[in-house]
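Reading through the structure tokens given below for one structure.
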Amino acid sequence: MKKTVLVSGGAGFIGSHVTVELAQAGYDVVIADNMSNCDNTNYCGVCQILGKKLPFIKMDFCDENAVNNLFADFKIDAVIHFAAFKAVGESVNEPLKYYRNNLLSFINVLEAARKQGGCNVLFSSSATVYGEPEELPVTEKSPRQPATSPYGDTKQMCEDFLHDCVRAYPGVKGIALRYFNPIGAHPSALIGELPRGVPNNLVPFITQTAIGRRECLSIFGDDYPTEDGTCKRDYIDIVDLAKAHVSAVTRMVEGRMKEDYEIFNVGTGRPVSVLELVNAFEKVNNLKLNYKIAPRRPGDVVAIWADPTLANEELGWKAERSVEETLAAAWAWEKHLAGK
Ligand code: WQD
């Protein structure tokens, strides 16, 4: 029997890639999104890649009745919860917006899971929970650090909500996936990241500069204690990241979890500095990027990368694409958008 996976925020960057991988792995996928931070580009791209229309429900997960109706209308075997705001800086200026949206939407999902007598719940968490780590690479046992933004707070709180609900409500099982830095786009160039306004994240800023939408990339600080002075991150290809979700969902629906609540790092284990990433982008795409060194960005950690051993062993998943392949895909996507 085919299993049904509900993807909240399924029209967004990560949600759309996960939807494609789930559908290609044989799952029935229901997409739900309030479209507050995207248009229908990725949904249309998903349907084009799959060659069929997937069920799409436009709804807000903060609306408890709407969430309950959704669970009543479909037999949901697993839910992957992406629907959340994610701009770190904005969350500092508008904390209530973040608390209301990110916490309430997840509470409604958990309530629906409880009411139906259990469900497999996968929460999209973030390496931001590790803060500035004392030891690198970080394992799932590395301590969480106090969050430095309301956005980070909501990730930690939602992890705790899930853990508490798993303990309290029979049949509710949970996995939190802690993403490092997801980048790139689907190899078809039909789905990808669609930042609204000026991008906060590095790779969309790079591709928009290369295409001429931005004049110059600012590299935030070259005086950090790293080899080339720029910060290091674990950039993970979006399709690799999406495949980790398929492995995690399959582990849940096949009843192969070792604990009812599990956490996995989703990263490559490969640290890359900002300058290395910029150089790799230039080389693989054979172009020159206009960039300058700018002051440090407040709140940035110096370096963080994953120890992905647990996910490798338990999920049977491993990041496969090179950073060059990923940056070529990101550029192909930007060109696809420009050609529209
Ligand atoms: C990466 C590096 C910047 C932009 C954030 C969130 C995290 C996660 C992913 C989100 C840093 C440098 C960036 C630019 C630059 N969640 N940079 N010039 O900060 O590691 O993680 O996004 O949804 O929770 O905190 O990612 O891409 O913003 O930055 O030099 O114009 O690139 O200083 O070193 P970050 P990022």
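Taken about its Cα centre, the chain carries a charge dipole of about 840 debye when Lys and Arg each add +1 at the Cβ and Asp and Glu each add -1 at the Cβ. Of the DSSP beta bridges with both residues in the chain, give the percent that are antiparallel, rounding to the nearest 5. Beta bridges within the chain, antiparallel portion: roughly 5 percent.
For a test of the definition: using alpha carbon positions, the gyration tensor, and the 1.5 limit on a/c, classify the chain as rounded, prolate or oblate. Cα axes put the chain in the prolate bin.
Rounded to the nearest 0.05, what FRET efficiency is calculated for residue 223 and residue 74 with R0 set to 45 Å and r the Cβ-Cβ distance?
Working from the Cβ atoms, E equals 0.30.
What does the C-alpha gyration tensor say about the overall shape of region 291-340? Classify as rounded when a/c is under 1.5, otherwise prolate if a/b is larger than b/c, or oblate. Taking the square roots of the gyration eigenvalues as a ≥ b ≥ c, region 291-340 is oblate.
In debye, nearest 20: dipole of region 163-255 around its Cα centre with unit charges on the Cβ of K, R (+) and D, E (-)? Each step should come with its number before you reach the end.
Values: 10 positive and 11 negative charges, 100 e Å.
With only Lys, Arg, Asp and Glu charged at Cβ, the dipole is about 480 debye.
Annotation for residue 254 and residue 134: the two label points, set 7 Å from Cα along the Cα-Cβ direction, are 3.8 nm apart. Compared with the dominant principal axis of the Cα atoms in the chain, helix 274-285 is inclined by about 90°.
Taking a point 7 Å from the Cα of residue 198 along the Cα-to-Cβ direction, the residues of region 204-230 with backbone N closer than 18 Å to it are 204-221. The angle separating the long axis of helix 202-211 from the principal Cα axis of greatest extent in the chain is about 60 degrees. Amide H contacts of residue 217: 290, 291, 292, each under 5 Å away and 5 or more positions distant or on a separate chain (H built 1.01 Å from N in the peptide plane; Pro and chain starts excluded).
So for region 43-126, if I pair up every lysine 8 or more residues apart or on another chain, how many of those pairs have alpha-carbons under 26 Å apart?
On the way: 52/75; 53/75; 58/75; 58/86; 58/97; 58/115; 75/115; 86/97.
Close lysine pairs under the 26 Å cut-off: 8.
Once the Cα atoms are used to define both axes, helix 150-168 deviates from the longest principal axis of the chain by about 30 degrees. Projecting label points 7 angstrom from Cα along Cα→Cβ for residue 141 and residue 115 puts them 4.1 nm apart.
Region 180-255 and region 47-63 have Cα centres spaced 23 Å apart. For region 1-79, what does the alpha-carbon gyration tensor say about shape, rounded, prolate or oblate, given a ≥ b ≥ c as the root eigenvalues, a/c under 1.5 as rounded, and a/b over b/c as prolate? It is oblate, given that a/c is not under 1.5 and a/b is not larger than b/c. Once the chain from residue 1 to residue 39 is taken as fully extended at 0.36 nm per residue, the excess over their C-alpha distance is 10.4 nm.
Using only side-chain charges placed at the Cβ, +1 for Lys and Arg and -1 for Asp and Glu, the dipole size of region 278-340 relative to its Cα centre rounds to 540 debye. When the Cα positions of 172, 301, 14 are compared along the charge dipole of the chain, 14 comes out farthest toward the positive end, with charges on each C-beta of Lys, Arg, Asp and Glu.
Each reported figure results from applying straightforward, stated rules to the coordinates on display, with no laboratory input. If you're wondering where the values come from, they're calculated on a predicted model, not measured in any experiment. For neighbour counting, all protein chains shown are included, and Cβ atoms are generated from backbone atoms with ideal geometry for every residue, glycine included.
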